[in-house]
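What follows is a single structure, written as structure tokens, with notes after it.
Bear in mind these aren't lab numbers, they're just calculated from the coordinates by the rules spelled out. Because the structure is a prediction, the values reported are computed rather than measured. We place every Cβ from the backbone using ideal geometry, glycine too, and count neighbours over all the protein chains shown.
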Amino acid sequence: MSDNEVFTDYSSVRDLLLNAQERRGFLTYEQKAALQHAEWAASDNRNGYRTEAKVFQDMLLAILEIEKFQKYPELAAKLAELMPMHSDDVRAVAASRRISIENEEIEAVLDIVRKHVGVE
């Protein structure tokens, strides 16, 4: 990950937009739409698990420790945000960049997600 790249999660976006709304007293149409989406995506209505900025960062760092994802931090961020619970979901994210991924790496990602969202 370069110094210019910063990956963020929906809960951070939600918090930033709410803060901007509080400071300014209004949001533009686009910001309101982004806020609505971020509130939905950060809630447990999206995938059954509420997202938190710290959990996202911890998962991102843990997934980046897997050798395959060190070259693809954007995929690690996508996996941390999606919180996949099934191997097909991990394969789909890897396939978006035409990356072949081993079963051990998939299981490592799933174990990280389960650990951080409290499934295990």
Name the residues of region 73-92 whose amide N is less than 19 Å from a point 7 angstrom out from the Cα of Asn103 along the C-beta direction? 85-92
Exposure proxy order (Cβ contacts within 10 Å, fewest to most) of Thr51, Thr28: Thr28, Thr51
Sticking to Cα atoms, compute the Rg of region 22-110 to one decimal and its Dmax as the biggest Cα-Cα distance, whole number, in Å. 15.5, 50
Which residues make up the longest stretch of the chain that has no trypsin sites (Lys or Arg not before Pro) in a DSSP loop with at most 16 other Cβ atoms within 10 Å? 1-49
Length added when fully stretched, Ala95-Arg50, from 0.36 nm per residue minus Cα-Cα: 13.6 nm
Residue separation between Tyr29 and His86 times 0.36 nm, minus their alpha-carbon distance, gives in nm 16.9 nm
